[in-house]
Amino acid sequence: MCALLIYPPDRAKKLPCQRGFVRILLSMAEEFDIVERFRGSIAAFGLEGKTLRVAVSGGADSVALLELCSAAEGDFVLRALHVIHGIRPECEAEAEFVRSLCDEIAVPLDVVSVDVPSHAEIVGIGLEEAGRKLRYRIFADFVERGEAVATAHTADDVVETLLFNLTRGTGPRGLAGIPKERDGIIRPLLDFHRREIERWLRSIGREWREDESNIDLRFSRNRVRWMLLPELRRVFGDSVIDRLRREAEVFSMCSKFLETSAEKLWDTAILAKLDSATIFESSAVLETAWGFGEILRKCAIEFEKPLKDFDFETVNRLHQSCRTARRGRRFPVSGGLHIEADGELVIIFTEIDIPREIPVKLPFVCELPKGMGRIGIAETGDGIAIPFDGAPLSLRPACAGDRIDTERKLRRFLARKQVPRILRDAVPVLFSGDRPIYSPLIGAICPEPAIFELRVRYDGPLENILNRKGTPCANTKSKS
C-alpha cells in the first residue's frame with residue numbers, strides 16, 4: 001500500500017514532538033486501511049444496482065457502518081433505516097440524532113416506530129427478544145421489496161453471542177455465531193473489531209450515541225461484554241477475540257453440515273405428510289438423539305409451533321421414551337406439538353380434528369380432509385373391487401361402537417392391522433349403512449362376496465404407509 005499523507009503546515013507547527021507526528025501518521029494510515037478493507041468486505045455481497053438499506057441505531061457500530069458505506073462509493077443506492085422501539089424515553093432523541101447524521105451525509109432515511117413493550121407483554125417474551133423479532137420483521141419487509149439490509153454486527157458481537165449461548169447451554173447451531181448473510185440481511189462489519197471502529201470514528205471526528213441499556217449489568221449479555229470479555233483479554237491477550245471468532249466460523253461450518261444431514265434424514269425417513277401430522281420410519285428417526293431432535297425442530301417450523309425450553313435434555317428424554325414406548329404411546333413436546341410412537345412408525349402431529357361425515361352419491365370424487373389425498377368411488381372403472389350390499393354410502397372416521405360384524409369391532413380390527421392410533425381417529429372409512437367396507441389405510445375391510453361391487457381408487461400420502469405396513473391391496477389400481 002502506498003499513500004501520500006499531507007498534513008496542514010499551520011497544524012504541523014503545533015506538533016509536540018516527532019513521536020506525536022508518528023502517531024498521527026499511523027492514525028491516518030489506519031483510517032485509510034479501514035476504508036479499503038471495508039470496500040473489499042462490501043464488494044463480496046454483490047450489491048451492484050441494488051438498494052442497500054443500512055440499519056442505524058445511533059450507536060458507534062451502526063454510525064460507522066453508514067459512514068463506511070458512504071465512503072465506499074459502491075455501485076448501489078444507499079438508504080438508511082431507524083427503528084423507534086418505544087422502550088426508553090431517549091428514543092425520540094436518538095431518532096433525531098440519526099436524522100441529523102443522515103442529513104449531514106446526504107443519505108435518505110426511513111423511520112419506523114414499533115411498540116416493543118406491548119408486543120413483549122402480548123407474546124410473553126422479554127423486551128430484548130421482542131425488540132429483535134420486531135426489528136427483523138421490519139427488515140424482512142424491506143427485503144421483500146428487493147432491497148438488501150445491512151446491520152452493524154462486529155467480530156465482538158460474534159464472540160459475545162458465542163459465549164452467551166455457551167453459558168446458557170446450546171449446540172453447534174448456537175455456537176455458530178452470526179452469519180455474514182442470511183435472508184437478504186448482510187453484515188459487512190463481522191471482520192472488524194469494535195475498538196478499531198470507535199477509534200476510526202474518533203479519527204474522523206464523528207460522534208455517536210451511547211445506549212445506556214448497553215451498560216446495564218442486569219442483562220446477561222452486558223455482563224459477557226463488560227465482565228467476561230475483559231477478563232479473557234487480560235488472561236489470554238487481545239488475540240483471544242480473533243481465536244474465538246474463528247471457532248464460531250468452525251461451528252458455523254459444522255452447523256451447515258448438520259443441517260444438510262438433517263435434510264437427508266428427513267427425505268430418507270418420511271413416509272407421509274398431512275396437514276397436521278408427519279409420519280416417519282422409526283428406525284431412521286430414532287437412530288440418534290441428534291437426528292431425532294432435528295426432525296422435531298423441522299416439524300415445529302413447518303407446523304408453526306414454537307419450541308420453548310427445547311434443550312438437549314428434553315430431546316434425549318423424548319428420544320429414549322420413543323425408543324422404549326409401547327405401541328400408540330403419545331408424548332407432548334412443546335407449543336402444541338406431540339409425538340406418537342407406534343412401533344415401526346413415529347408420528348409428529350399437532351391437533352386432531354375428527355372429520356365430519358360425508359354422504360357419498362355415486363359416482364363420487366372427494367378430497368379427503370387434512371391433506372389425506374383424493375378418493376374416487378364408482379360402480380365401474382379403475383380401482384380395487386369392494387363388496388357392497390347396496391345400503392347408503394358415507395365417509396367418516398371409525399367410532400367406538402362401530403362393528404364389522406357381531407364378533408369384530410372396527411377400531412380393534414384397525415389396531416390389529418397396526419393402523420396408528422392417530423390415524424384410526426382421523427382417517428375416514430367408507431361405510432355401507434352401518435357396515436364399514438373400505439379404509440384408505442388397509443383396503444377392503446370385509447372381502448366376503450356381496451350383491452354389488454364398487455370400484456374405489458385412492459391417491460394420496462397414506463399410500464406410503466400402506467406399502468410400509470405390507471398391505472398393498474389398499475392402493476392397488478386395477479381395471480374392471
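Pick out, from segment 336-383, the strands (runs of 3 or more DSSP E) lying fully within it that include 2 or more residues that are β-branched (V, I, T). Don't jump to the end; show me each part of the working.
Working: elements: 338-342, 345-349, 358-360, 364-368, 373-378.
Correct list: 345-349, 358-360, 373-378.
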Self-check item: Some residue of segment 302-320 being surrounded by fewer than 18 Cβ atoms within 10 Å (Cβ to Cβ), in contact with an Asp or Glu (Cβ under 9 Å, 6 or more places away or on another chain) and charged (D, E, K, R)
Solution: no
Quiz item: Which of the residues spanning segment 137-167 are small (G, A, S), out of contact with any Phe, Trp or Tyr (no Cβ under 8 Å at 6 or more places or on another chain) and farther than 23 Å from L228 by Cβ?
Solution: A140, G146, A150
Quiz prompt | Residues (touching a residue at least 40 places away in the same chain (Cβ under 8 Å) and of a type in the set (K, R)) located in segment 259-276 | solution = K273
Quiz item: Of the conditions (1) part of a loop (DSSP other than H, G, I, E, B); (2) modelled with pLDDT under 90; (3) of a type outside the set (S, T, Y), A272 fails just one. Which one is it?
Solution: (1)
Quiz item: Looking at (1) in a helix (DSSP H, G or I); (2) buried (at least 18 other Cβ atoms within 10 Å of the Cβ), can you tell me which one E263 breaks?
Solution: (2)
Exercise. Six or more apart or on different chains, Cβ under 9 Å: which pairs go from a residue in segment 66-86 that's in the same structural domain as D103 (by TED's automatic domain parsing) and on the phi > 0 side of the Ramachandran plot to one that's at pLDDT 95 or above and part of a strand (DSSP E or B)? Could you list them?
Key: none
Quiz prompt | Enumeration of residues in segment 399-412 that are without any contact (Cβ under 8 Å) to a residue 40 or more places away in the chain and in a loop (DSSP other than H, G, I, E, B) | solution = C399, A400, G401, D402, T406, E407, R408
Practice problem: Within segment 162-189, count every residue that is surrounded by fewer than 17 Cβ atoms within 10 Å (Cβ to Cβ), of a type in the set (D, E, K, R) and within 24 Å of A140 (Cβ to Cβ). | Solution: 4
Quiz item: For segment 413-440, which residues satisfy the criterion of being within 25 Å of E351 (Cβ to Cβ) and either of a type in the set (F, W, Y) or part of a helix (DSSP H, G or I) (or both)?
Solution: L414, A415, R421, I422, L423, R424, D425, A426, F431
Quiz prompt | helices (runs of 4 or more DSSP H) contained in segment 108-192 and holding at least 1 residues modelled with pLDDT of 90 or more and within 17 Å of D61 (Cα to Cα) | solution = 127-144, 155-168
Quiz item: When only residues in segment 362-376 that are in contact (Cβ under 8 Å) with a residue 24 or more places away in the chain and of a type in the set (D, E, K, R) count, which is surrounded by the most Cβ atoms within 10 Å (Cβ to Cβ)?
Solution: K370
Quiz prompt | R145 being within 20 Å of the chain's Cα centre (by Cα) and charged (D, E, K, R) | solution = no
Self-check item: Qualifying positions in segment 206-250 - touching a helix residue (DSSP H, G or I) at 6+ places or on another chain (Cβ under 8 Å) and closer than 15 Å to T167 by Cα
Solution: F219, S220, R221, N222, V224, R225, L228, L229, L232, L244, A248
Self-check item: Meets criteria (over 19 Å from Y136 (Cα atoms) and assigned to a loop (DSSP other than H, G, I, E, B)) for R99
Solution: no
Quiz prompt | Output for segment 321-335, where each listed residue is free of Cβ contacts under 8 Å to residues at least 60 places away in the same chain, assigned to a strand (DSSP E or B) and surrounded by 14 or more Cβ atoms within 10 Å (Cβ to Cβ) | solution = R329, F331
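The values are calculated or read from the model by the stated rules, or taken from the named source; none is laboratory data. Nothing here was measured: the structure is a model prediction, and the numbers come from that model. So basically every Cβ, Gly included, is an ideal-geometry build from the backbone, and we count neighbours across all protein chains shown.
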